[in-house]
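Here the structure comes first, spelled out in structure tokens, and everything after it is commentary.
The values are calculated or read from the model by the stated rules, or taken from the named source; none is laboratory data. Not measured: the values here are computed from a predicted model. Note: ideal-geometry Cβ built from the backbone for every residue, glycine included; neighbour counts use all protein chains shown. To get the accessible areas, we keep the full protein, side chains included, count just its heavy atoms, and leave off ligands, DNA and RNA. Shrake-Rupley method; radii C 1.70, N 1.55, O 1.52, S 1.80 Å.
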Amino acid sequence: MKRKLTIFLSLFFFGIGVVVAQTQVNGIVEDDTGLPIIGATILVEGTSQGTVTDIDGNFNLTAPSDGVLVISYVGYVSQQVPVSENIRIVLLPDAELLDEVVVIGYGTGRKISSTVGSVVNV
């Protein structure tokens, strides 16, 4: 009986330690001009736990206190920041340009010069 009680208490205190190691993260994601980024993705690195920013660029997330957040948005450079209670993240635009792509009825081509047939601008 004593052994079962000792094991139960050990597991109980270990479980409390795991729960306490979580941090409530509140933050805002902005671009380099200070405008909020709507729909930016915030993920805890190495897990599938995450959230997206609201219309004001704000987010709330529970994460391990020693974790790393990965913030990404289309057209911006992704960032990795350590977990803390209040975070302000500024995403910088990605200067990488995409090639021109033409979508045609039976495939894709690199530029208009590589397509055969008629091409219409919509």
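Note on segment 86-110: residues that are open to solvent by 100 Å² or more (accessible area, probe 1.4 Å) and either modelled with pLDDT under 90 or over 30 Å from THR23 (Cβ atoms) (or both) total 8.
Taken over segment 7-47, residues that are modelled with pLDDT of 75 or more, open to solvent by less than 80 Å² (accessible area, probe 1.4 Å) and hydroxyl-bearing (Ser, Thr, Tyr) amount to 3. Of the residues making up segment 48-65, those that are open to solvent by 40 Å² or more (accessible area, probe 1.4 Å), assigned to a loop (DSSP other than H, G, I, E, B) and either among the aromatic types (Phe, Trp, Tyr) or in contact (Cβ under 8 Å) with a residue 12 or more places away in the chain (or both) number 5.
Of all residues in segment 66-98, those being assigned to a loop (DSSP other than H, G, I, E, B) and basic (Lys, Arg) number 0.
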